[in-house]
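Structure first, then comments.
The values are calculated or read from the model by the stated rules, or taken from the named source; none is laboratory data. From a predicted model like this one, the values you see are computed outputs, not experimental measurements. Positions of Cβ are backbone-derived with ideal geometry, glycine not excepted, and every protein chain shown enters the neighbour counts.
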Amino acid sequence: MNARARGLGVGFLILVGLLVMGGSAAAYDRSDFLFLNEIQAGMTGIGKTVVAGDLISEFAVDVLGVIDEPGEASDFIVVQVSGEAIGRSGGIAQGMSGSPVYVNGKLIGALSRAAAWSKAITPIGLVTPIEQMLGLIDEVDGKLSSLPDPGSVLAGVHVEEVAARPDTAALHAAPATLFTYPVETPLLTSGFSGRSLDVLMNGAGAIGAPAGLIADYLPARLGPSPDGLAAFGLRLSPLAGQSKGKTDQTAPLEPGSAIGVALASGDMTVGALGTLTFEDGTAIVGFGHPFLSNGIADFPLTTAHIYDTMKAYDASFKLGTLGDSIGSILADRGAGIAGRVGTSSTLADMALAVLDRDTGGMETFQIGLVREPLVFPDLVLATGIEAIDRTLDRIGQGTVEVDYQIIGDGLPSPLERHDLFLSTQDIAVFPPWQLADLVAFLEYNDFAAPKITRITASMQITQELKAMHINHLALDRVVYVPGDTIHYAVDLQTYHGKVVTETGAITIPEDLAADEITIRAYAGPRRLEAGESPEEFTALADLISAIEDLPSYDTLTVELFAPNPLSPSGEGLEGIDKVRTQVNGYYLYDRRQITVPLLTAG
């Protein structure tokens, strides 16, 4: 179990009752369940899961006892599992989490974790009690007790959570310790390969943030996570990403059926595989452990098809694929996931178009992404890198022009931005990282939920380094007075080409009181000078305007600065006026500046 998820089961009772079952405890028939206080050591039963295809298989279950620790979220039923389904699977496999367990025909909970104990040889698992998963349980003759039968508690047994099954020596060295480890949720992907898959699982730290993006110039640094989906305890299926397809599942959804939770769908897909524990009408509960542990959720619930369950030395796993969306996951808590069949999740539709100017090849991609801020920017980054890498079929230098548009029901207006980037090492990382930053800034803004519905990015890339160096700045005079117009000329040296000169004029305010002025020619956005105060935003519209107004690197700015006497050091500059010139298709770099005296009357 992900460490972040421990203790998150508290409050699941009420939440699932309200979100999933519409607040009605009467929807459950108590006679269908055995609760924790009714469980006794020595009971036997069955579990249900899909090993291959869509056929639900049964396996034998023997109750060893109950783990009773402070708080309901840490209570579990300890079971031994056996039978053909377990043998064929090589033990408790990834993807079995959520498998319903029955005693005397009554549901006691979901298989959620594997365990190892020196006193037991056959596979051991932990079952999340059903009362933690169902939600609101009706009261009969007073509040229903969730305290276990004292005679069934494994007295003196210490529970220690570990990342993987310990070796035999460790087990025998601690005979009173029950080592538990997660039945990890297999993450299935398609359309990802190479480094995009690495970024998806291990985070943005796998490639490192490029310099010069908008996050370097706005008040807070937000963006893709450095940790990726692996930080949520998700494990990539060893054979994931090999194929993309729909399931042909025609069997009805029932306890033991394979189900999926999608994060991305379309030309690239990302989702998790698990098992349905209980369904009541349109309401479903599964997994027996958290997915992302984000509480209230809005993830597509999908069908799933299991090709087979593969034995592996470290952890057996189900090999499968996700199918069509059939509902929504509405709650994601420590005890599991819960949702409703027949509803639709609200996704952000992302459309990417990549043109390779050198070959004329063009690829387009349509992907639906969940709007959970914890993973939204990561999904944007990984899918964007995959789109560019797949189109270019190379990694290296280049120049890219990109136009973005982000539309949202909560946005006062669409966010639209043009950018041009150049890299001598890896041009592919710039557009998707910039887009991920834009999404992060909107999702975590102070003012309103953006409710992003559509994202588009159109990219044109060439291997040519289309650069211009700001080589020289010249002014028409060596001294000025307030009210004068300064005429300037900026020489731009084209990479491996000719010199281009841009001319213009900027007027000094008549009321400017200063002994000297500075004229600077630079490219793209700039950082605040020591004498300038950070920009203050009062509404989401202000943030959008600030993002759109930041100049791109094909913009030449000539700006007039003067000393700010109110700056802490007395030497800080502040911008007075500026002139911007668009140099289409070329990346400008470096800067030049000249400081000249300003004479005032008297």
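At a glance:
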read-out: Selection within the range 98-117 - in a loop (DSSP other than H, G, I, E, B) and farther than 14 Å from Gln132 by Cβ; value: Asn104, Gly105
read-out: Answer residue from the range 583-602, given it is within 35 Å of the chain's Cα centre (by Cα) and part of a strand (DSSP E or B) and is surrounded by the most Cβ atoms within 10 Å (Cβ to Cβ) among those; value: Leu588
read-out: Exclusive hit being in contact with a strand residue (DSSP E or B) (Cβ under 6 Å, 6 or more places away or on another chain), surrounded by fewer than 18 Cβ atoms within 10 Å (Cβ to Cβ), modelled with pLDDT under 90 and assigned by TED's automatic domain parsing to the domain that holds Gly288, set Ala41, Ala52, Ala116, Ala93; value: Ala52
read-out: Odd one out for Gly98 among (1) within 24 Å of Gly233 (Cβ to Cβ); (2) more than 30 Å from the chain's Cα centre (by Cα); (3) at pLDDT 85 or above; value: (2)
read-out: Among residues of the range 41-86, those that are within 14 Å of Ala258 (Cβ to Cβ), in contact (Cβ under 8 Å) with a residue 60 or more places away in the chain and not in a strand (DSSP E or B), counted; value: 4
read-out: Flag for Gly336 being surrounded by 22 or more Cβ atoms within 10 Å (Cβ to Cβ), in contact with a Phe, Trp or Tyr (Cβ under 8 Å, 6 or more places away or on another chain), of a type outside the set (D, E, K, R) and in contact (Cβ under 8 Å) with a residue 60 or more places away in the chain; value: yes
read-out: Members of the range 300-328 that are among the acidic types (Asp, Glu) and modelled with pLDDT of 85 or more; value: Asp324
read-out: Residue match in the range 394-407 (condition: at pLDDT 95 or above, assigned to a loop (DSSP other than H, G, I, E, B) and polar (S, T, N, Q)); value: yes
read-out: All positions within the range 426-463 that are polar (S, T, N, Q) and within 21 Å of Pro525 (Cβ to Cβ); value: Gln434, Asn445
read-out: Identity of the residue in the range 194-239, surrounded by 15 or more Cβ atoms within 10 Å (Cβ to Cβ) and at positive phi, that ends up farthest from the chain's Cα centre (by Cα); value: Gly212
read-out: Meets criteria (of a type in the set (A, V, I, L, M, F, W, C), assigned to a strand (DSSP E or B) and over 24 Å from Leu197 (Cβ atoms)) for Ile470; value: yes
read-out: Residue under evaluation Thr557, criteria (1) touching a residue at least 60 places away in the same chain (Cβ under 8 Å); (2) out of contact with any Ser or Thr (no Cβ under 7 Å at 6 or more places or on another chain); (3) surrounded by 16 or more Cβ atoms within 10 Å (Cβ to Cβ), criterion not met; value: (1)
read-out: Condition met for Leu381 (in contact with a strand residue (DSSP E or B) (Cβ under 9 Å, 6 or more places away or on another chain), at pLDDT 95 or above, more than 22 Å from Asp358 (Cα to Cα) and buried (at least 24 other Cβ atoms within 10 Å of the Cβ)); value: no
read-out: Long-range neighbours under 7 Å by Cβ, at least six apart or interchain, first residue over 17 Å from Asn445 (Cβ atoms) within the range 397-424, second in a loop (DSSP other than H, G, I, E, B) and aliphatic (A, V, I, L, M); value: Gln397/Leu465; Thr399/Leu465; Leu422/Leu465; Thr424/Leu465
read-out: Verdict on Thr359 being modelled with pLDDT under 90 and β-branched (Val, Ile, Thr); value: no
read-out: Boolean, Gly360 is crowded, with 23+ Cβ neighbours inside 10 Å and either in a helix (DSSP H, G or I) or out of contact with any strand residue (DSSP E or B) (no Cβ under 7 Å at 6 or more places or on another chain) (or both); value: no
read-out: All positions within the range 487-497 that are touching a His at 6+ places or on another chain (Cβ under 9 Å) and outside any strand (DSSP E or B); value: Tyr495
read-out: Qualifying residue in the range 376-388 (condition: touching a residue at least 12 places away in the same chain (Cβ under 8 Å), not hydroxyl-bearing (Ser, Thr, Tyr) and not in a helix (DSSP H, G or I)); value: no
read-out: Hits in the range 427-446 (condition: surrounded by fewer than 17 Cβ atoms within 10 Å (Cβ to Cβ) and either modelled with pLDDT of 95 or more or out of contact with any helix residue (DSSP H, G or I) (no Cβ under 9 Å at 6 or more places or on another chain) (or both)); value: Tyr444
read-out: Some residue of the range 460-470 being basic (Lys, Arg) and exposed (fewer than 14 other Cβ atoms within 10 Å of the Cβ); value: no
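Conditions (1) assigned by TED's automatic domain parsing to the domain that holds Asn445; (2) polar (S, T, N, Q); (3) buried (at least 16 other Cβ atoms within 10 Å of the Cβ), marked per residue:
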| residue | (1), (2), (3) |
| --- | --- |
| Tyr480 | no, no, yes |
| Gly483 | no, no, no |
| Asp491 | no, no, yes |
| Thr507 | no, yes, no |
| Leu512 | no, no, yes |
| Glu536 | no, no, no |
| Ile544 | no, no, yes |
| Asp577 | no, no, no |
